[in-house]
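Here the structure comes first, spelled out in structure tokens, and everything after it is commentary.
The values are calculated or read from the model by the stated rules, or taken from the named source; none is laboratory data. Remember, predicted model here, so these are calculated numbers, not experimental data. With ideal geometry, Cβ positions are generated from the backbone for all residues, glycine too; neighbour counts draw on all protein chains shown.
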Amino acid sequence: MLKLIVLDIIGTTISDSQEIEACIAQACRENGLDVSIEEILQVRGYAKKQIFERLWKSKLGEANPSIAQKVEDSYATFQRILTNYYENALIKPTEGAVELFEFCKQLGIKVALTTGLCRRITELVLKKSGWLKSLNEQKTALEPSALISTYISSDEVPQGRPAPDLVFRAMEILDIDDPKTVAVVGDAPSDLLCGKNANALITIGVTSGAHSREELSQHPHDYLVSSLKALPAILFSYL
């Protein structure tokens with residue numbers, strides 16, 4: 001029986017037109033790292049510091065002694081650029097996101113949002129979306145009107161996606177013991193791999209984000225949907 005749905009934030013529940021990738025690309029340029037958008041898209045959904053580590057190692061080799069400092073510098077630049085972007089951006093939910101949250105609330109399914117962003121920027125985004133107002137300091141729902149049950153950022157777990165730590169942390173916060181009562185949803189291959197690694201009940205890819213249906217079809221999944229509007233019908237069959 002389905003008890004919890006774990007959804008990615010940027011591109012899955014919050015609209016995104018590769019703004020994250022653009023901010024990563026700008027941080028790379030400012031730090032002398034020559035990468036393409038295609039290379040960045042290949043690691044979309046990973047913890048953002050891990051993205052810079054992978055990109056630098058790809059360019060300089062695994063054992064280069066300068067990598068650690070270059071990662072720290074690039075990541076700090078990225079944090080500055082992305083914070084500035086979200087402070088000024090209009091934050092919009094993706095098609096069907098709010099309706100999905102309402103559906104889950106009515107049927108008693110808990111909703112956890114997860115992300116490769118750090119907690120500070122995650123809270124900036126979620127505060128502007130209005131989804132934080134009914135959560136307490138422990139990041140759990142204060143009242144029945146809350147649209148989401150909790151949220152977890154990549155810097156709050158040992159490993160970001162595709163490791164299952166974000167899913168397991170959501171389960172821990174919300175007192176869910178069995179991953180076979182959990183659905184995992186995202187728009188990147190790392191989201192699908194995270195669901196698989198967590199041994200989730202179902203893993204669902206959303207093709208309206210950064211990756212096409214063809215790209216996501218090459219990774220473990222139970223369903224591929226064009227938007228979150230399709231999820232209530234799917235989830236209902238698992239109650």
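Things worth noting here:
- Subset of region 86-107 [of a type outside the set (D, E, K, R) and buried (at least 17 other Cβ atoms within 10 Å of the Cβ)]: Y86, P93, T94, G96, A97, L100, F101, F103, C104
- Close pairs (7 angstrom Cβ cut-off, 6 or more residues apart or separate chains): touching a residue at least 40 places away in the same chain (Cβ under 8 Å) and in the same structural domain as A97 (by TED's automatic domain parsing) in region 135-160, in a helix (DSSP H, G or I) and among the aromatic types (F, W, Y) anywhere: L147/F101; I148/F101
- Near pairs, Cβ below 9 angstrom, 6+ apart or cross-chain, from region 18-34 (more than 17 Å from N84 (Cβ to Cβ) and in the same structural domain as A68 (by TED's automatic domain parsing)) to any residue that is surrounded by fewer than 17 Cβ atoms within 10 Å (Cβ to Cβ) and charged (D, E, K, R): L33/K59; D34/K59
- Checking the stated criteria, G45 turns out not to satisfy the condition of being assigned to a loop (DSSP other than H, G, I, E, B), among the small types (G, A, S) and out of contact with any Asp or Glu (no Cβ under 7 Å at 6 or more places or on another chain).
- The lone criterion from (1) assigned by TED's automatic domain parsing to the domain that holds V157; (2) out of contact with any strand residue (DSSP E or B) (no Cβ under 6 Å at 6 or more places or on another chain); (3) surrounded by 15 or more Cβ atoms within 10 Å (Cβ to Cβ); (4) farther than 18 Å from G160 by Cβ left unmet by T83 is number (1).
- Residue in region 76-85 that is modelled with pLDDT of 95 or more, among the hydroxyl-bearing types (S, T, Y) and more than 20 Å from the chain's Cα centre (by Cα) present: yes
- Of the residues making up region 91-129, those that are of a type in the set (G, A, S) and touching a helix residue (DSSP H, G or I) at 6+ places or on another chain (Cβ under 6 Å) are G96, A97, A112, G116.
- Residues satisfying the stated conditions in region 55-71, i.e. surrounded by fewer than 14 Cβ atoms within 10 Å (Cβ to Cβ) and part of a helix (DSSP H, G or I): A68, Q69
- Among residues of region 61-86 that are touching a residue at least 12 places away in the same chain (Cβ under 8 Å) and among the aliphatic types (A, V, I, L, M), those with a Cβ under 9 angstrom from a residue that is loosely packed, with under 11 Cβ neighbours inside 10 Å and not in a helix (DSSP H, G or I), sequence gap 6+ or separate chain, pair up as I67/G61.
- Flag if I152 is buried (at least 20 other Cβ atoms within 10 Å of the Cβ) and within 20 Å of D16 (Cα to Cα): yes
- Taken over region 1-42, the criterion of being of a type in the set (G, A, S) and either surrounded by fewer than 23 Cβ atoms within 10 Å (Cβ to Cβ) or in a strand (DSSP E or B) (or both) is satisfied by S15, S17, A22, A25, G32, S36.
- Every residue from region 36-60 that is over 20 Å from S154 (Cβ atoms) and in contact (Cβ under 8 Å) with a residue 24 or more places away in the chain: K59
- Hits in region 35-75 - residues which are among the aliphatic types (A, V, I, L, M) and either assigned by TED's automatic domain parsing to the domain that holds L166 or more than 19 Å from the chain's Cα centre (by Cα) (or both): V35, L55, L60, A63, I67, A68, V71
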